[in-house]
Amino acid sequence: MMHLYNSLSKQKEEFIPLDPNHIKFYSCGPTVYNKIHIGNARAFIAADLLSKVLKGLYPKVTYVSNITDIDDKIIEASKRENLSIKDLTKKYFDIYMEDIGLIGINPPDIQPFATNFIKEMIAYIEKLIRLEKAYEVNGNVLFRVSVFKNYGCLSGRIIEEQKHGKRVEVESYKENENDFILWKPSNEKEPGWNSPWGFGRPGWHLECSVMSEITLDIPFDIHGGGNDLKFPHHENEIAQTCACNGLDNATDFAKYWFHNGFLNLEDEKMSKSLGNVIYIKDLLNEYQGNHVRLALLSTQYRQPIPWSKKLLDQAKSISKKINSFLEKYEYVESKFVKNTKIADALLDDLNTPKAIRIMQDLVQSATFDPNEVATYKYIFEGSNQDVSIDDITVQEIEKLIAERNAARNAGDYALADKIRAKLSKMNVSIKDVGGKTEWKI
Ligand code: AMP
Ligand code: ZN
């Protein structure tokens, strides 16, 4: 039985699935306007870890993580990089897929792109207006927060009072300062779609309410994201979903709320806006993907990670010791085995540091236990992370490219992306030109 901390009840709870035959998990994905940094990777690895444990326990798990491909930051970046919104978001989506692959994160089962759901978002807003839970002012549509009496149930906050030390100015068109944007007008230079309220685009919070309901149905089991998403993003998602469906409680939307702690650099949250970011590829000259993976998993997902070179060096040394022990047991298939000590540590709110310590103890005492080894491999060894760049041959590269193209032709994009990530780890970049794939190191 798994225990998971629920940010909604603020306690560790036994995880009781809504339907043990099909577990449903939604976690907020990236806004694709820039490369993901190692802080973002922490959020994605936490969601990946949870999905892997769930998949080890239950026969069917659907893990959905969205791609935000319309947003003001994307519009700014497209001007800065002189790329169309489509080309910019494609570029950073591909980099995201490659980067997560480098540290053994599997692609989510479903990755809905916001711009593929505009029609559904418009219909959702229309319903909210019909129910008098949203109102239009000059091409803006706002959610009327006062209609949802449990607003604040997740974060304990109701007002975004302080932003960078200044009080946020209340836009004159708002009935109430808590009301948030569902739709806003676009000028002719900005991307937009025709709607009953004119040419415009959706607010950020809306996409997750709409896409989680379409892909998973509500209620679903677990909704996740970084701690910073509790407010306002998840609070607003809860308000929208409950208001639109006539529900009172956040649990009618998702039963468990899963949030990861921050990765910090010198006591400050790593974030694009603060400019203190480290990218995954920056680390890969000195460390392998599985060292970075172990460094990220050496802290339990809810605790802050003080990121440092020391942490990485420790992870590298632990990883090397464990891997040289595991080399002898290559034949052991990576698999989640219940009732092992490692599995039990993971079932206790994903206690990865404890699971690593158990493996270290087995290495220390030279104790071989195939079930512990299988479970360790399943969680801590992402696929394809140990490729040594010295070992590459042209034949190998061409073989991988052929495998990738075969996977693409067969519609298996997840596998194709995995192979592309493997090539990238080998410092091989590929480009599809006129039906052929070119590569260079
Ligand atoms: P964004 O692309 O900014 O929406 O962020 C994607 C995910 O990364 C969200 O779940 C954020 O909460 C999470 N995130 C951003 N910065 C950090 C950080 N420094 N540590 C942990 N998670 C983070
Ligand atoms: Zn979201």
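The values are calculated or read from the model by the stated rules, or taken from the named source; none is laboratory data. Since we're looking at a predicted model, the values are computed, not measured. Cβ coordinates were reconstructed from backbone atoms using ideal geometry, including for glycine residues, and neighbour counts include every protein chain displayed. Each accessible area value is taken on the protein alone, full model and side chains, heavy atoms only, with ligands, DNA and RNA left out. Shrake-Rupley method; radii C 1.70, N 1.55, O 1.52, S 1.80 Å.
Pull out all pairs, ordered by first then second residue, where Cβ-Cβ is under 9 Å, the residues are six or more apart or on different chains, the first lies in the range 128-143 and is closer than 18 Å to residue 241 by Cβ, and the second is open to solvent by 80 Å² or more (accessible area, probe 1.4 Å) and part of a strand (DSSP E or B). Cβ pairs passing all conditions: 129/136; 142/136.
Conditions (1) surrounded by 21 or more Cβ atoms within 10 Å (Cβ to Cβ); (2) among the hydroxyl-bearing types (Ser, Thr, Tyr), marked per residue:
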| residue | (1), (2) |
| --- | --- |
| 18 | no, no |
| 24 | yes, no |
| 29 | yes, no |
| 45 | yes, no |
| 67 | yes, no |
| 89 | yes, yes |
| 94 | no, no |
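One residue stands out among those in the range 249-266 that are polar (S, T, N, Q) and under 21 Å from residue 64 (Cβ atoms): the one that is farthest from ligand 2 (Cβ to nearest atom), which is 251.
The residues listed here are 78, 9; of these, the one that is over 21 Å from the mean Cα position of the chain (by Cα) and open to solvent by less than 30 Å² (accessible area, probe 1.4 Å) is 78.
Could you list, in sequence order, all residues of the range 223-243 that are more than 12 Å from ligand 1 (Cβ to nearest atom) and either on the phi > 0 side of the Ramachandran plot or open to solvent by less than 10 Å² (accessible area, probe 1.4 Å) (or both)? Of everything in the range 223-243, those that are more than 12 Å from ligand 1 (Cβ to nearest atom) and either on the phi > 0 side of the Ramachandran plot or open to solvent by less than 10 Å² (accessible area, probe 1.4 Å) (or both) turn out to be 235, 236, 237, 238, 239, 240, 241, 242, 243. Among the helices (runs of 4 or more DSSP H) contained in the range 44-132, which hold 1 or more residues that are under 30 Å from residue 380 (Cα atoms)? In the range 44-132, 85-102 are the helices (runs of 4 or more DSSP H) which contain 1 or more residues that are under 30 Å from residue 380 (Cα atoms). Filtering the range 202-229 to residues that are touching a Lys or Arg at 6+ places or on another chain (Cβ under 8 Å) and in a helix (DSSP H, G or I) leaves 216, 228. Restricting 218, 214 to those that are touching a residue at least 60 places away in the same chain (Cβ under 8 Å), under 19 Å from residue 109 (Cβ atoms), β-branched (Val, Ile, Thr) and away from ligand 2 (no atom under 13 Å from the Cβ) reduces the list to 214.
Among residues of the range 413-441 that are outside any strand (DSSP E or B), those with a Cβ under 6 angstrom from a residue that is modelled with pLDDT of 85 or more and of a type in the set (Gly, Ala, Ser), sequence gap 6+ or separate chain, pair up as 415/407; 416/407; 418/101; 421/101.
A single member of 301, 331 is open to solvent by 40 Å² or more (accessible area, probe 1.4 Å) and part of a loop (DSSP other than H, G, I, E, B), and it is 331.
Residue 35 passes every criterion in (1) assigned to a loop (DSSP other than H, G, I, E, B); (2) away from ligand 1 (no atom under 14 Å from the Cβ); (3) buried (at least 19 other Cβ atoms within 10 Å of the Cβ) apart from (2).
So, in the range 168-222, exactly how many residues are acidic (Asp, Glu) and within 16 Å of ligand 1 (Cβ to nearest atom)? Total meeting the criteria: 1.
If we scan the range 254-269, do we find a residue that is more than 14 Å from ligand 1 (Cβ to nearest atom) and either out of contact with any Asp or Glu (no Cβ under 9 Å at 6 or more places or on another chain) or of a type in the set (Gly, Ala, Ser) (or both)? Scanning the range 254-269 turns up at least one residue that is more than 14 Å from ligand 1 (Cβ to nearest atom) and either out of contact with any Asp or Glu (no Cβ under 9 Å at 6 or more places or on another chain) or of a type in the set (Gly, Ala, Ser) (or both).
When residue 251 is tested against the conditions (1) assigned to a strand (DSSP E or B); (2) away from ligand 1 (no atom under 16 Å from the Cβ), the lone failure is (1). Checking the stated criteria, residue 65 turns out to be in contact with a strand residue (DSSP E or B) (Cβ under 6 Å, 6 or more places away or on another chain) and within 14 Å of ligand 1 (Cβ to nearest atom). Among all positions in the range 364-386, there is at least one residue which is modelled with pLDDT under 95 and open to solvent by less than 10 Å² (accessible area, probe 1.4 Å).
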